[in-house]
Each structure stands twice: as structure tokens, then as C-alpha cells.
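In what follows, a single structure is set out as C-alpha cells and then discussed.
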Amino acid sequence: MLDARSVRDNPEKIKEALAKRNYQLDLGPFLELEKERLALVKDADELREKRNRVSEEISRLKKEKKDAAPLIGEMKGVSARIKELEDGLRAVEQKARDFLLLLPNIPDGSVPGGRDEAGNVEIRKWGTPREFDFEPLNHWDIGEMQGIMDFERAAKIAGARFSLMKGAGARLERALMNFMLDLNTRKGYTEVFPPILVNPESMTGTGQLPKFEAELFKTADPDFYLIPTAEVPVTNIHRGEILEEERLPVYYTAYTPCFRREAGSYGKDTRGLIRQHQFNKVELVKFVRPEDSYGEHERLTGDAEDILQRLGLPYRVVVLCTGDLGFSAAKTYDLEVWLPGQNKYREISSCSNFEDFQARRADIRFRRTGRKGTEFVHTLNGSGLAIGRTLVAILENYQQKDGSVVIPEALRPYMGMEKIG
RNA sequence: GGAGGGGUGGCCGAGCGGUUUAAGGCGACGGUCUUGAAAAUCGUUGCAGGGUUACACCCUGCCGAGAGUUCGAAUCUCUCCCCCUCCGCCA
């Protein structure tokens, strides 16, 4: 959420910044609401001051056994008026907040301009895609051939976009979770295992609600949302809190299942594990001081890259342009891993700096040592990494001519085998 | 699911319609004292919105959340949320 005051004071600046992300904005209604709100606050405050003053007077008169009836009569009218103003104020505040909740974050100055994903810019590459002396297979072909994936039965049990992993496939899924969590915790991230059903306040705090309800799964009775990423419960750990400066930075890593409707992606990645309604992911989340957030963003991205490097998976880093940036993010690097089965790079991690956008929604602040007042923290997060897509990358990059798959060195202690098949 | 108890400032804990501008204690910070520390003592001690786009000053709101009664609510009423204890059930 953007700051009401800065929107109010610099409407043209805000408009310009959001235009870069193809966001047409009419701030007129909001500015009207703010004007109305400030007038109501002023009137209500003045009347409440009067009520407080006269109430004391009434108290004094009664104690002195004098007649307070005329004052009480007058105050009836004042109280009624205050109530009217408060009702109006509540309504106006709600409308102003509703407006702000639908505005996306402002891109950082270092983000390249662009209309859509074609405008994204490659920053660097790591590793060299392997030369195959045979035609590399898709991961789903490898999976079915090795008997470690069963999409048909997954569809019977749940439906399309679900998977059933078996034997070494299930083991690989678990090995990756443990490998990543162990690596992340060694770097100072605290492991957490949060709820995967959350309330609407949490979804609003990180920016999924109110705008993206259609992308979420929801339970019927009682009402909960299934998390689309661990970012939601983990960022909301500190919702409504004021942290002491010396506690910062706070780093968390969490494994969770993630659930996405994938509405509007019909026909995309219909086969295989790439796009599922349910998938596993290990996430990295940081709470930092504002002046540190861009350095922390680089380091967080580096931590995610480290995982790919240790697994020997070629990848590239792409900075998202203004038009492709997610709703809540000020800047995002995508990590794209090389998939021989598709002969292209595919997203495996998304590392974002949200600056104070989520912190303002979720009211996560900190107090500087020795200073009065509070400031919003900056929040960041990134996949470290998406488990299913990492599994896909391993199968496709480490496949052998005979259909077997070599397990990357770093993973062998977790897999208890050197090879699948 | 049933029956009780409870949510007050960083923490503990009083208050149960108008000397509460929330007692008192602890902690923290600052001063005095001390060679230094401790002890003692004095003072300060939140967040947010607005008045001025100054943390000097003034006003307002905030005692789990919301609504109500009243001239006046931390205090009374209602609804909801959360926590604790016991019973039942259960992974």
C-alpha cells in the first residue's frame, strides 16, 4: 500500500510512476475523499474537545449539587452530531483505504522500462547448457519411464494439474526440501513451518487480497485461504508488531506446500510438473532496515543462485521490467533454469524487494535505537527454490542416454543413491 | 462439542460510570551521588491522526475488535476474536 499522505501531496508523481507499469490512474476520487476526510477529522475533533470539557463541568456542578440539566441538554445535541461525523468518517476512511489497497507498488528507479515480459533484461548467466549426443526427453517422459510420476492416477485422485510422485521421485522431492532448508539455515535463515491456511488479514497484508482473490483456493466453512506461497504466512509473522532495530535484519526460511488456482492459464504447461495447483517450495523471507534493502535484495538473490550452482544447474538472472513487475514488488529478479526438454530457460525463483509496501499494509514497523517514533521495515522474499521445478531441472539436465538420471553430488547424502534407474 | 475463567501501557498488576491527564511495581533511558560500579535519589518513559508538510506546543483517538446505553465508558449491555482450565472426542 502506498502512503496516503504522499499520494495526497504528490498525485502527479504517483500517477507517472504507475503509468510505467501500464497502470492508468485517476486519483480524482481519492483526492476528494482525502479532502472530505480531513474536514471530518477536524470537525469531529473540535466537537469531542467540547464534549470532554463540558463533561468535566457537569461533573463539577453535580458534585457541588448545582443544576446541570441545561448543559446536559445541550450536550445531547453535541453527542448526536459527533456520532454523525464519526459514522461519516468511518465510511470515508474505508473508501480511501479500499482505493489505496488496489494500487500497485511504485517500481524502483533501477528497474528497466517495458510493456511486458519482452522488456525484461538478462543480467547474468551461470553454467553452460549441456551438449547431448541424443535427443533429451521431457521430464514427464523420464518420470513415467522410471515409474516415479503418475499423472493419470493424480488426475483420478484430484484432477488436472496435480501430481503423484512415487519411489525415487517422492524421495527426490523430500531430498530437495531438506537440502535447501539445511543450506539456507546454515546461512542464518531461521527455519519456520507456518500455517498453510490463513485468514483474509494475512492475505491482505502481503497483497494477494483484495485484488487477486480469483487466484486463490478458499475453504468453505470456516473461511480460510490456502497459501499460494510461504511469503504470506511468514511475512505475516510480524504483522502489527514494532521490532527493535537491533533485531534487524530478520531472516526466515520455510518449506510449505503452495496452492494456486492458475485461472486464466488454460492451455499453458498442461503436461508435467511445471504448473500445478499444488506444489512444494522453500522460501526465503527478510525483514530489514530501509537503507539496507537493496543490498539485502542482491544477497537474497545470491542465496537462491547458490542452490542452483551447488546442484550444477545452468541458469540466468533476469530483472523484470516495469510492465512485468508483480503488484506488490518494487524490484524483482527472476532466476530461470535451463531445461533441455524444452530447450529454454524457465522461471525457478522470483526474488523481490517490496520496500515498505507490504509493511504498510501489514503494519510492520521498527524503532531505531535511541530515537523516538517508528518506521516501516522493508520486506523481501524469494524462492529458494521451487521444489517441483528443481526436480524437473535435475531430471532433464542429468538424464542419460539409457533413461537413467544421475543425482547431483550435493544431493546424494539426501537421496541415498547416485542414480535413478 | 460441553462447562467455567480471562484479555489493561515494553513486562507485572490495580481500577469496575465523573479527582484516570490509566495507581503502584519492574525494566529501560537521563541527572545527582561515586575513582568506577552497585545502592540510594530525582526525572523521563507508548502508538496514531490532525492543527503548522518541524518528534517545541495544542487538540483528538487508542485499556482484544466492533456496535450500543449515557451529558460522560477501561468501567454497564450485545456481537465477534484470541488465550487458559476441566470434561468429551480425536491425529
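The values are calculated or read from the model by the stated rules, or taken from the named source; none is laboratory data. From a predicted model like this one, the values you see are computed outputs, not experimental measurements. Neighbour counts are summed over all protein chains in view; Cβ atoms, including those assigned to glycine, are modelled from backbone coordinates with ideal geometry. Remember, those area values only see protein heavy atoms, side chains included, never the ligands or the DNA or RNA. Shrake-Rupley method; radii C 1.70, N 1.55, O 1.52, S 1.80 Å.
Using a probe of 1.4 angstrom and keeping all protein chains present, the accessible surface of chain A works out to 48 square angstrom per residue.
Only Cα pairs under 8 Å and 6+ residues apart enter the sum, and on that basis the relative contact order of chain A stands at 20 percent. Each peptide in A:176-189, A:382-395 gets a packing score, the mean of other Cβ atoms within 10 Å over its residues, and the list from highest to lowest is A:382-395, A:176-189. For the range A:304-353, what does the alpha-carbon gyration tensor say about shape, rounded, prolate or oblate, given a ≥ b ≥ c as the root eigenvalues, a/c under 1.5 as rounded, and a/b over b/c as prolate? Cα axes put the range A:304-353 in the oblate bin. Net charge in the neighbourhood of A:LEU325 (other residues with Cβ under 13 Å of its Cβ; Lys, Arg +1, Asp, Glu -1) is -2.
Computed packing ranks the peptides A:45-56, A:320-331 as A:320-331, A:45-56, most packed first, by mean other Cβ atoms within 10 Å. Taking a straight Cα-Cα cut-off under 27 Å and skipping sequence neighbours fewer than 8 places away in the same chain, the lysines within cross-link reach of A:LYS281 are A:LYS125, A:LYS156, A:LYS166, A:LYS187, A:LYS211, A:LYS218, A:LYS268, A:LYS331, A:LYS344, A:LYS419.
How much length would be gained if the chain were fully extended between A:GLU117 and A:SER55, taking 0.36 nm per residue of separation minus their Cα-Cα distance, in nm to one decimal?
Details: separation 62, 0.36 × 62 = 22.32 nm, distance 6.33 nm.
That pair, A:GLU117 and A:SER55, stretches by 16.0 nm at full extension.
Positive contributions from Lys and Arg (+1) and negative ones from Asp and Glu (-1), summed over other residues with Cβ under 11 Å from the Cβ of A:PHE134, come out at -3.
Per 10 Å bin, what percent of the C-alpha pairs of chain A does each bin hold, from zero upward? Binned Cα distances yield the sequence 4, 18, 26, 22, 13, 8, 5, 3, 1, 0, 0. Spacing of the modelled spin labels on A:GLU64 and A:LEU243, each 7 Å from Cα toward Cβ, amounts to 5.6 nm.
Taking the Kirkwood radius as Rh and the Cα radius of gyration as Rg, the range A:38-114 has a ratio of Rg/Rh equal to 1.38.
In whole Å, what is the distance between the alpha-carbon centres of the range A:138-154 and the range A:273-343? When both Cα centres are located, 27 Å separates them.
In chain A, the DSSP-assigned H stretches of four residues or longer account for a calculated mean residue ellipticity at 222 nm of -12500 deg cm²/dmol, using -39500 (n - 2.57) per stretch and the full residue count as denominator.
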